[in-house]
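Asker: What follows is a structure written as C-alpha cells; I'll ask about it next.
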Number of protein chains: 2
Amino acid sequence: MRGVEATKEAGAGSGLTERQGAVLEQALRLLVDGGEKALTTAGVARAASCSKESLYKWFGDRDGLLSAMIAFQASKVRTLGVSAEALDEASLRAHLVAFAKDLLDVLAGDVSLALNRLAIGQASREGSKLGRLLEERGRRQIGRRAGALLEAGRKAGLLAFGDAEEAYGALYGLVVSDWHLRMLLGDDPSGLKKNFGRRAERAVDAFLALYGGKA
Amino acid sequence: MRGVEATKEAGAGSGLTERQGAVLEQALRLLVDGGEKALTTAGVARAASCSKESLYKWFGDRDGLLSAMIAFQASKVRTLGVSAEALDEASLRAHLVAFAKDLLDVLAGDVSLALNRLAIGQASREGSKLGRLLEERGRRQIGRRAGALLEAGRKAGLLAFGDAEEAYGALYGLVVSDWHLRMLLGDDPSGLKKNFGRRAERAVDAFLALYGGKA
DNA sequence: TGCGAACCGTACCGTACGGTACTGAAGGAG
DNA sequence: CTCCTTCAGTACCGTACGGTACGGTTCGCA
C-alpha cells in the first residue's frame, strides 16, 4: 500500500482513482433513477462496466459503497467562501437571498434527494452511520457558509443575535419550512422550483425583520 | 360479502376488524423496532400470531399492508378542535406554544419517525403512493388545526397576515427548522426532546414578532 | 518476449424474502 | 352429529440479492 504509483485522483485527497470516481458516478445515477432498490451490486457493475470483484476490492462491501457515494458527492460540492467585502444593508440582503436560493436548489437536487432518502432509509438500522456522514458532509458545510455570512453581518452592525446557531436555525426554517420533507416524500420538485426565487426573498425579509440590527 | 355479521371495527369507519387492528399494531411495533427491513410478512405473521395467508387475504399484498399501517396509525390520532373562546394576546400565545410543542412531540414520536422513514424510502419507487397518503393524513390534519388557530387570531385582531398558508409555513419553519430531518437521519431524539418547551416558546415569540397585529 | 498485476465478465453459492398451497383445528348453524 | 367457514401453522416455490471464485484479457515493465 501507499506505493509509488501515481494514481490520478478524482477528488481532493479523496484517495480514489478516477476510475473509481466514474464508478461512483454511475452508482449515483442508478440511485437517482431507481432508488435504493435499484442500487444492486450487479447493477452498478453492469452500469459502470466493471466487475463485482473490483467493487468489493475497492469498497469492501455494499455499505462501503454507499458511504463512498456520499463522500464522493460531498467532495464535489465546494462551499464558496464569503467575500470579505464591506457589507451594507443591500449587499447583505443580496447575499442572504443568494444563500437561500442556493440552499433550496441544493436540497431540491436529484442527487441530494436520493442520498437523503438512502440515509434515512438506512437510519433505523445500523446506528445511522450514513446519516451522520451525510449530516457532517452536507449540513455542516452549508452551515459554515451561513455562519460566516451571519457573523459578517453582525460585525458590520447589520444583524443582532445572541446565538448564531439559533439565528441560523431560524433562517433555515423560514427558507425551507417543510418543503424538504415534502420533496423527500415524493412531491414533484419541478413545480415548486419556479417559486424558489420569490420564496427566498420573502424568507430573507422575514429573517431580517427578526434579526435586522436597525432596532 | 357485506354480510350481516356484526364485525367489531377497530377504527372510525376504517373497515377493519379489531383482530386486523391488533395485527397492524404488531406490524407498527416491528417497524419501529427494526425499520423496514425487519418488516417481513413472516415476521408480522409470527409477531401477531396469524398466518401469512390471512395477511394476504386481508391486505392484498405487502404494499397494502404498509398502506393499511399508515391509515391505521393516522386514524388513531385525532386533531382536537380549537376552542372558539375569545382570544386575547396571552391566550393566543399559549395556544400557539401548545401547538408548537405538540407538533414537535408528534414529529419526534417513534411511530411517526418510522412511518416517515418508510414512506421516504418508498418515495422514489412506485410514484410515492405512501408519501401522498402520509402527507394527506398527517400534515393536512395538523395543518388544519394550525390554520384554524391562525384564522381565529386574525379575527381577534391579534395576527396580521395576507396568506394563511405562508404564515403557517413560517410558523412551521421556525418551530421545526431542520430538527425533523435530523431525527429522520438518526439523531437521537431523546437528547433533543428536553429542549422542546423552550424551543416552542422562542419560535412562537419570533412568529408573533413577524405576524403580531400590534404594528 | 516473458512476467505479473489489475481487472472484466460470468458463473456460482447461500440465504432470505414475497407469495401460494395444503393441513388440521375451532366454532357456529342446521 | 354433521356440514361449512375461518384461520393458524407450516411447508413449499421462484426469485433476487450479496458476496466469492475462476478463466481470460489487457497493459505496464524489465
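Values in this text are rule-based calculations from the coordinates and carry no lab data. For clarity, every value in this text was computed on a predicted model and none was experimentally measured. When we count neighbours, we look across all protein chains shown, and the Cβ atoms used for this are built from the backbone with ideal geometry, even at glycine.
Asker: For the stretch A:33-82 and the stretch B:92-140, what is the separation of their Cα centres, given in Å?
Answerer: Answer, in whole Å: 30.
Asker: Using only alpha carbon positions, build the gyration tensor of the protein assembly as shown, then give the equivalent ellipsoid semi-axes as the square roots of 5 times its eigenvalues, largest first, whole angstrom.
Answerer: Working through the eigenvalues yields semi-axes of 37, 36, 16 Å.
Asker: Mind checking the alpha-carbon convex hull of the stretch B:159-202 and giving the volume per residue in Å³?
Answerer: Expressed per residue, the convex hull around the Cα atoms of the stretch B:159-202 is 66 Å³.
Asker: While we're looking at this one, here's another question. List the lysines whose alpha-carbon lies under 17 Å from that of B:Lys129, not counting same-chain residues fewer than 8 positions away?
Answerer: Straight-distance partners of B:Lys129: A:Lys37.
Asker: Just the Kirkwood number for chain A, please: inverse of mean 1/r across all distinct Cα pairs, in Å, one decimal.
Answerer: 19.2 Å
Asker: If you plug each phi of the stretch A:175-183 into the Karplus form 6.51 cos²θ - 1.76 cosθ + 1.60 with θ = phi - 60°, what whole-Hz ³J(HN,Hα) values come out, in order, with x for Gly and Pro?
Answerer: So the J values, rounded to whole Hz, are 6, 8, 6, 9, 5, 4, 4, 5, 5.
Asker: Which residues' amide hydrogens lie under 5 Å from the amide hydrogen of B:Leu159, considering only partners 5 or more residues apart or on another chain, with H built in the peptide plane?
Answerer: Counting only residues 5 or more places away or on other chains, the set is B:Arg154, B:Gly213.
Asker: Quick check: convex hull of the Cα atoms in the stretch B:123-215, volume per residue, rounded to a whole Å³?
Answerer: Measuring per residue, one finds 114 Å³ for the Cα hull of the stretch B:123-215.
Asker: Based solely on its DSSP helices, what 222 nm [θ] is calculated for chain A when runs of n ≥ 4 H residues each add -39,500 (n - 2.57) and the sum is averaged over all residues, nearest 500 deg cm²/dmol?
Answerer: -20000 deg cm²/dmol
Asker: Let me ask something else about it. Enumerate the calculated ³J(HN,Hα) couplings along the stretch B:37-49 in order (Karplus 6.51 cos²θ - 1.76 cosθ + 1.60, θ = phi - 60°), each rounded to whole Hz, writing x wherever the residue is Gly or Pro.
Answerer: Once rounded to whole Hz, the list reads 4, 7, 8, 9, 4, 5, x, 4, 4, 5, 5, 9, 6.
Asker: Within the stretch B:159-215, which trypsin sites (Lys or Arg not before Pro) sit in a loop by DSSP and count at most 10 neighbouring Cβ atoms inside 10 Å?
Answerer: B:Lys194, B:Lys214
Asker: Here's something else I'd like to know. Please compute, over every Cα-Cα pair in the stretch A:16-73, the percentage with a separation greater than 17 angstrom.
Answerer: Of all Cα-Cα distances in the stretch A:16-73, 22 percent exceed 17 Å.
Asker: State, to one decimal in nm², a quarter of the convex hull surface area for the C-alpha atoms of the stretch B:34-123, i.e. the direction-averaged projected area.
Answerer: Averaged projected area of the stretch B:34-123's Cα convex hull equals 7.8 nm².
Asker: Let me ask something else about it. Could you give the dipole magnitude of the protein assembly as shown about its Cα centre, charging the beta-carbon of Lys and Arg +1 and that of Asp and Glu -1, in debye to the nearest 20?
Answerer: Computed about the Cα centre, the dipole is about 520 debye.
Asker: Taking just the C-alpha trace of the stretch A:103-149, give me its Rg and Dmax in Å.
Answerer: My reading of the Cα-based Rg and Dmax gives 11.7, 37 Å.
Asker: Let me ask something else. With θ taken as phi - 60° and the coefficients 6.51, -1.76 and 1.60, list the Karplus ³J(HN,Hα) couplings across the stretch A:121-128 in order, rounded to whole Hz; mark glycine and proline as x.
Answerer: x, 8, 5, 4, 8, 6, x, 6
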